Amino acid sequence: MKKYALVTGGSRGIGRAVCVKLAKMGYDILINYANNASEAQKTLNLVRQTGQDGELLMFDVSKREQVVRAIEAWEMEHANDYIEVLVNNAGVRRDNVLVFMAEEEWYNVLDVSLSGFYNVTQAILQSMLVHKYGRIISLASVSGLKGQPGQTNYAAAKGGIIAATKALALEVARKNITVNAVAPGFIETDMTEGLDEANLKKDIPVQRFGKPEEVAELVGFLASHEAGYITGEVISINGGLYT
Ligand code: NAP
C-alpha cells in the first residue's frame, strides 16, 4: 500500500514547497492545480528529484463535481493506496474595500478558499476514517486572525477555515486524524508579487517576507506522526507581525 499526500494548489508558491517537503518525508504526491499545467509539471519534476513519485491532478477546488470526480477516479485506479495527508493550500486574493466589492469578488474568494476546504476535505475524509489515520492541514492567513483592510472577503474565508478546522478536529480526533491550520504573514510568492515589500517589511519584526520553504517546514511537522497530539490549532508563521 502506497501512502500519498494531496496538496491543492501545488503548482506554485507555498503549495510547491509543501509538495517537495512532503516528498522528502517519503510521501508520493498528488499535485493539484487549476490552470497552470506547466508549473505543476515543474513541481512534479522537483518531487521526482527527491526520489519519490507523484501525479498531477487537475481540478478547480471550488467546483464540487470536479473535485469528487477527480478523487473518485484516482481512488478507483489506486484501490490499494490511500491519501494520508491533505494540505488545503489553494487560495486566491481579490482585494477591494467592502464598499466597492463586487459580488463576484466576494464569492470567488469564499468559493476557492472556504468551499474548497469543504469540497476536498469531504471527498478525502471517508477514506481517512476507514484507515483510522490522517493529517489535514489548511492554509489560513494572518488576515483570518486579525483582519486586513481591503480583505473582508479573504479574511472571512481564512477566518472560516480556522473555525472549520477547530470543529472538524473535534469530530475526528478519536480516529487519529489531526486537523490544523497555519496562518502565514507575508510570504514571497506570486500572490504577494507587486506588494511594496520595502515599505511593508518595516512593520515586520523579522524585517523580511517569509519563504515558501519556511511555511513548508511547519506544514511538514504538522503532517508528521510526531505531531499527533496537536489538533484544532492555528499556528502563525509571520516574522512577528501579529502575535
Ligand atoms: P500563489 O503563489 O498565488 O499560488 C496559488 C496556488 O493555488 C496555485 O498553485 C494555483 O493553481 C492554486 N489555485 C488557485 N485557485 C485554485 C482553484 N480554484 N483550484 C485549485 N487550485 C487553485 O499562492 P501562495 O502565495 O502560494 O498561497 C498559497 C496559500 O497560502 C493560499 O491559500 C494563500 O491564501 C495562503 N497564504 C499566502 C500568503 C502569502 O503571503 N503568499 C500569506 C497567507 C496565506 P494554478 O497554478 O493552476 O493557478
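The values are calculated or read from the model by the stated rules, or taken from the named source; none is laboratory data. Every value quoted in this text rests on a predicted model; they were computed, and no experiment measured them. Here the Cβ is made from the backbone with ideal geometry for all residues, glycine too, and neighbour counts use every protein chain on show. Just so you know, the surface numbers come from the protein's heavy atoms only, side chains and all, with ligands and any DNA or RNA stripped out. Shrake-Rupley method; radii C 1.70, N 1.55, O 1.52, S 1.80 Å.
List of remarks:
- Residue within the stretch 22-30 that is among the β-branched types (V, I, T), part of a strand (DSSP E or B) and under 15 Å from G9 (Cα atoms) present: yes
- In the stretch 149-169, the residues that are within 12 Å of the ligand (Cβ to nearest atom) and surrounded by fewer than 16 Cβ atoms within 10 Å (Cβ to Cβ): none
- Any chance V172 is modelled with pLDDT of 95 or more, surrounded by 14 or more Cβ atoms within 10 Å (Cβ to Cβ) and not in a helix (DSSP H, G or I): no
- Criterion (among the acidic types (D, E), under 25 Å from E104 (Cα atoms) and either more than 12 Å from the ligand (Cβ to nearest atom) or loosely packed, with under 14 Cβ neighbours inside 10 Å (or both)) met by exactly one of D196, D190: D190
- Among (1) among the β-branched types (V, I, T); (2) more than 15 Å from the ligand (Cβ to nearest atom); (3) within 22 Å of L222 (Cβ to Cβ) - the single one V47 does not satisfy: (2)
- Members of the stretch 200-233 that are touching a helix residue (DSSP H, G or I) at 6+ places or on another chain (Cβ under 7 Å) and within 23 Å of A163 (Cβ to Cβ): V215, V219, F221, A223, A227, I230, T231, G232
Each row is one residue, and each column tells you yes or no for (1) part of a helix (DSSP H, G or I); (2) modelled with pLDDT of 95 or more; (3) open to solvent by 40 Å² or more (accessible area, probe 1.4 Å).
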position	(1), (2), (3)
A40	yes, yes, no
L44	yes, yes, no
D60	no, yes, yes
A73	yes, yes, yes
E84	no, yes, no
V92	no, yes, yes
W106	yes, yes, yes
F117	yes, yes, no
